[in-house]
Each structure stands twice: as structure tokens, then as C-alpha cells.
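For reference, the structure is listed below as C-alpha cells.
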Amino acid sequence: MAAMVAFILFSIGILALVLRRDLVIKLLALGMINAASILFLISIGDRPGARPPIQIPGEMGILADPLPQALVLSAIVVNFAILALALVFVMILVERYHTTDSIRIEQEMARESEEEETLCL
Amino acid sequence: MTKDRVQTILAVGIIVAFAALVGITYANSHPHPADSQQYLARALEETGASNRVAGIYLNYRLFDTLLEVLVFSVAVLGVRHYLQQSKGMSLPTLSESEVVQTAVSFLTPLALLLCSFFAIFGHISPGGGFAGGVIAASGLLYVAIAHGMKAIETRLNPWRLALAEKAILLSLLIFLLVPVAVGRIPLSDLLPKGTPGQLLSGGSILIYNILIAMKVFIGAWLVIAAFAQHRGEL
């Protein structure tokens, strides 16, 4: 079940990342892909009837795998770092070109570099 | 073929690959891998922390966690640096209603309490420094929403906070690297492991959790404050 949710979130994220032109939507899609991967990695460690890997005196039974849970912490922190920095760069681009449309920003940049070349000539 | 079509085909390929990964993982229903079984069997005695996840990321994989904290610091540094360079917009100050202010005066102490609980009891219950720090920063964000950024900045100077963040990072590094330099392992040798389940157990994990919670709290708040200042007001 968790894996299905992860797959759906991952698909939506990848498609939005590629097909949408808005930079902010692209960043949200990136966050969604990250959440989906984290959900998938956590769900790998689960077994039917497993308890969280925390020792409670007197309780026995199968425990969930603690290793993926410890490792996705890096993914969460790196995702936070990437999203915060990318958002700052999007803000700088918006201040300069007054749009969040990635294709229009590319066109503007190409036009600017052409103008610079003609000025140099 | 146009660039768009190539991108779409690549995206569909990645989705199919992910589906295959999920399918293969779930088709082979098996017990935990050998590494995980070893951690499950030995982590409790070796680390002394009842929360095995905390035992793994703050004992066996402590350097990994330290570098994560460094990544976090670099992100905070980058956000503050680039936002200082670009000029901000100024928005009119919004004043929130009495209802929001009353709710915030109830929610913020709760967030700070949860932060300290998660940090102090991170090795014997679910939680940990990272989660606690983010919760405390969101508690401060409520105050900023209700009373404005100015109310916080007069009490908490961002420059001093940035200095405190660096100081905590330095103390984490010293606490970790000085014992290593003289040939001792910081987590096993410096502090006793104690009885698992007690508050004073797990060696140095408690100290690491508290330091990480403070660091993440300050770092997350600095990022929020940088964005809010750049925009003018929350």
C-alpha cells in the first residue's frame, strides 16, 4: 500500500518536473519525488505485524528494519538544503526576469547573450 | 525529435524503472538483510539506546550525521548569502487578529516543549534532534506570523544567532574529533552506556541530540527569517 502511494507520488512528481514550465511547480515536484523515495525506502523495512525498532521492556515480536530509517535522515536533510537553495535561485531569477516560466527565462537569457555579442562586435 | 519529446520519454522511462524497482522489491518477500539483522541483534547492547534508529545514526554512522549537519549549515549559509545580495520587495505589515495571537500564545510553548522532549528523550522514544529543532523553529514561525518579524528580531539578533550556530557546529566537531585524535572512540569510551530505557543511557547520544536540536532550530529559523526579511514581512 505504502509502495503504491510512493509510486503514484513519484510519477506525479516526475511528470510535473518535466512537463510543467513554472519553476516553483518544478521545485514542489522535486520535493514530492523526495517524499516518495523516502516513503518507499521506509516501506522496504516493514514486515507484516512489525513494531517500530524501539525496545520496550517485556514486548517481543518482529521489529521493522532500522537501517533504512536511519539512512533516509540524510535524504531529508539534503532535500531541505536543495529546496531552500533552489528557491533562493528562483527568487533571484524572478527578480531579474519577472517571470517563473522556465522557457521564457531561457529565451530572455539567449536574447541577452545575443545582445552582448552584437555589442562586442 | 524535439527536446520536449525526449524529456517526456525520459520521464516515462524513469517512472517505469521506479515501478520495476518497487515490483522487484516486493516480489522477493524475505527476512531483513544480514546487516539489518546484525543491527537489530546487537545495537541495543552496543549503543545502550533503546531507539535503535538513534543508535545507528548517532553511533555507528556518526560521521554521516556530522556531515549532514555540515550540509545543513552550508545550506543556511548559502540562503543567507544569496538573499543578502538580491534586493528585497517591501510588503505592507499585516496585523493578525486577536484569535490568531491567542492561539499562538498557546501553540508556541507547546512547540518548544515538544522540541525539548524530542531532543532529550530521542534515544529512548521516537524523535531526535532533527525533528525537535524543526518543531521549535515552526513554533517561532507562529510568533512571527502573529506579531510580525520585528517582535522577534528585537529579542533574537540574527547575527548573534548565526554566531551561536557556528559555535554549536564547532563544539560538535571538537566533541567528536578530539577523542578520535587521542585514540579513543567518543561514543563508547567517554560516557557510560547505562541501562537501556533509562534517561541517562546511550553514552553521548543524549548530548548529540540536544546539540543537533539547537543547531537545527537556529538554522531553520535563520532560513525562515532570511526569506521573510527578503519579502518584507510574513
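Looking at chain B, identify the longest residue range that excludes and avoids all trypsin sites (Lys or Arg not before Pro) in DSSP loops having at most 10 other Cβ atoms within 10 Å. Show your work: numbers first, answer last.
Numbers: sites that count: B:LYS87, B:ARG155.
For trypsin sites (Lys or Arg not before Pro) (loop position, at most 10 other Cβ atoms within 10 Å), the longest site-free span of chain B is B:1-86.
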Rounded to a whole %, the carbon-and-sulfur portion of the accessible area of the range B:31-231 at a 1.4 Å probe is 69
Restricting to Cα pairs under 8 Å and 6 or more apart, the percent relative contact order of the range B:31-231 works out to 34
Helix A:2-19: inclination vs chain A longest Cα principal axis, degrees, rounded to 10, gives 0
The correct pair for the range A:13-55, radius of gyration to one decimal and Dmax as a whole number, both in Å and from Cα atoms, is 15.3, 48
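What translational diffusion coefficient, in µm²/s and rounded to a whole number, does the Stokes-Einstein relation yield for the protein assembly as shown at 4 °C and a viscosity of 1.567 mPa s, taking the hydrodynamic radius as the Kirkwood radius over Cα pairs? Numbers along the way, then the final one.
Working: Rh = 23.0 Å.
Diffusion coefficient, whole number: 56 µm²/s.
How many Å² of accessible area per residue for chain B, probe 1.4 Å?
It amounts to 53 Å² per residue over chain B.
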In deg cm²/dmol, rounded to the nearest 500, the helical mean residue ellipticity at 222 nm of the protein assembly as shown, built from -39500 (n - 2.57) for every DSSP H run of length 4 or more, is -25000 deg cm²/dmol
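Mind checking B:191-198 for the average number of partner chain beta-carbons within 10 Å of each residue's beta-carbon? Working shown, then result.
Values: counts 0, 0, 0, 0, 0, 2, 4, 0.
Across the residues of B:191-198, the mean count of other-chain Cβ atoms within 10 Å is 1.
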Hits for chain B under the membrane-span-like helix rule (DSSP H, Cα axial span at least 24 Å, Kyte-Doolittle mean at least 1.6) are B:98-120, B:158-181
Those residues in the range B:70-85 that give up at least 20 Å² of accessible surface, probe 1.4 Å, once the partner protein chains are present instead of the chain by itself are B:VAL71, B:PHE72, B:ALA75, B:VAL79, B:TYR82, B:LEU83
Expressed as a percent, the portion of alpha-carbon pairs in chain A spaced more than 16 Å apart is 71
A student applying the Cα gyration tensor rule (rounded when a/c is under 1.5; otherwise prolate if a/b is larger than b/c, oblate if not) would label the range B:173-234 oblate
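Could you tell me what percent of the accessible area of chain A is made up of carbon and sulfur, with a 1.4 Å probe and every protein chain present?
Details: 4870 of 6950 Å².
After summing per-atom areas, the C and S share lands at 70 percent.
For the interface of chains A and B, what total accessible area is buried with a 1.4 Å probe, rounded to the nearest 100 Å²? Write out the running numbers ahead of the final one.
Working: alone 8960 and 14360 Å², together 19420 Å².
By this definition, chains A and B bury close to 3900 Å².
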With the convex hull built on the alpha-carbon atoms of the range B:31-231, volume per residue in Å³ sits at 149
Looking at the range A:1-19, residues buried by 30 Å² or more relative to their chain on its own, accessible surface at probe 1.4 Å, turn out to be A:ALA3, A:PHE7, A:PHE10, A:ILE14, A:LEU15, A:VAL18
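The values are calculated or read from the model by the stated rules, or taken from the named source; none is laboratory data. Since the model is a prediction, treat every value here as computed from it, not as a measurement. Neighbour counts run over all protein chains shown; Cβ positions are idealised from the backbone, glycine included. The accessibility values were calculated without ligands, DNA or RNA, using every heavy atom of the protein model including side chains. Shrake-Rupley method; radii C 1.70, N 1.55, O 1.52, S 1.80 Å.
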